[in-house]
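Q: Before I ask anything, let me first share the structure, which is written out below as structure tokens.
Any read-out appearing in this document is the output of simple, stated calculations on the displayed coordinates, not a laboratory observation. Nothing here was measured: the structure is a model prediction, and the numbers come from that model. As a convention, Cβ positions derive from the backbone with ideal geometry for all residues, glycine included, and neighbour counts pool all protein chains shown.
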Amino acid sequence: MSALTLGWLAEHGEVPVLAVDADCNANLNEALGIAYNATVGGIRESARKEVQALKGVSKQEFLDLRVQAAVVEQKGYDLIVMGRPEGQGCYCFANNVLRDVLDRLAHNYRNIVIDSEAGLEHISRRTLLSVDYLLIVSDCTVRGIRTAGRISALADEVALPAKQRGLIVNRVPGGSLPESIAEAVKATGLTLLACIPLDQDVAALDADGEPVSRIPPESPARVAMNELLAKLYAVETEKC
């Protein structure tokens, strides 16, 4: 979904865009079909080992330089990958660096798309200080929907500002929610923004490790995402 969103933004002139893979198990680049050479987590390790040997360079300056070098430039968007610390390193520092990176880079981009991990980490650590759209994605299971509800509750707990918050249910068989899932969605209190159909085109490409750019334009999943993004940006345009 993050990769499809990047494609839609580029196609509609909402550029430049910064794509942030904030999952310690980095894989957004695979969905985009591009490679990267460095991660925020790896830079954290380099800072610990190398900055002492550099004269006249502060740790922050070192981090800024390395992060800038780690940005992968593409047509219409750039990519930065969080990754993970090496060995037994804590993720706290990497999260802090990522938050600083977003603060420093945000003014350079019209849009920022953050592909977060499937959990509460970035909400609880407040990696994201504010967002326009908090799109919580669940698979089509009651357990997944309940997890989405807990993520939303945690966003309230830490007072995460968001202009709009809602739920996307992914891989929905037939494109419509079973009654048990619809009831679970209602119990979360979240606005249901979209149901993304279970799509064999996406499944086949994913099985072969192919990027989302090869998903056909008429693919049900792509069509549903395009409709959602057009709706979200139309709302934003009307507000402006």
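Q: Suppose each label sits 7 Å from its Cα in the direction of the beta carbon; what would the residue 157-residue 223 distance come out to in nanometres?
A: Going by the 7 Å Cα→Cβ label model, 4.1 nm.
Q: Using a simple spin-label model with points 7 Å from Cα along the Cα→Cβ vector, what separation in nm is obtained for residue 25 and residue 143?
A: 1.4 nm
Q: In whole Hz and in residue order, list the ³J(HN,Hα) couplings for the stretch 204-214 that follow from phi through the Karplus curve 6.51 cos²θ - 1.76 cosθ + 1.60, θ = phi - 60°; x for Gly and Pro.
A: Once rounded to whole Hz, the list reads 5, 5, 5, 4, 8, x, 8, x, 5, 4, 8.
Q: Using a ≥ b ≥ c from the Cα gyration tensor of the stretch 130-240 (square roots of the eigenvalues), is it rounded, prolate or oblate, where a/c under 1.5 gives rounded and otherwise the larger of a/b and b/c decides, a/b for prolate?
A: oblate
Q: Same structure again: Give a residue-ordered list of calculated ³J(HN,Hα) values for the stretch 142-147 (Karplus: 6.51 cos²θ - 1.76 cosθ + 1.60, θ = phi - 60°; whole Hz; x for Gly, Pro).
A: These are the phi-based 3J(HN,Hα) values: 4, 4, x, 5, 5, 4 Hz.
Q: OK, next. Starting from the Cα of residue 163, draw a straight line to each of the aspartates and glutamates and keep only those under 13 Å, dropping any in the same chain fewer than 8 residues away.
A: Cα-Cα hits under 13 Å: 132, 236.
Q: Now for a separate question. Search the structure for amide H atoms under 5 Å from the amide H of residue 26, placed 1.01 Å from N in the peptide plane, and list their residues when 5 or more places away or on another chain.
A: Placed amide hydrogens put 83 under 5 Å from residue 26.
Q: Here's a follow-up. When the Karplus curve 6.51 cos²θ - 1.76 cosθ + 1.60 is applied with θ = phi - 60°, which whole-Hz ³J(HN,Hα) does each residue of the stretch 166-180 get, with x for Gly and Pro?
A: With coefficients 6.51, -1.76 and 1.60, one gets x, 10, 10, 9, 9, 6, 8, x, x, x, 10, 7, x, 4, 5 Hz.
Q: What does the extension gain come out to for residue 64 and residue 230, with contour length at 0.36 nm per residue minus their alpha carbon separation?
A: Separation in residues times 0.36 nm, less the Cα-Cα distance, equals 56.3 nm.
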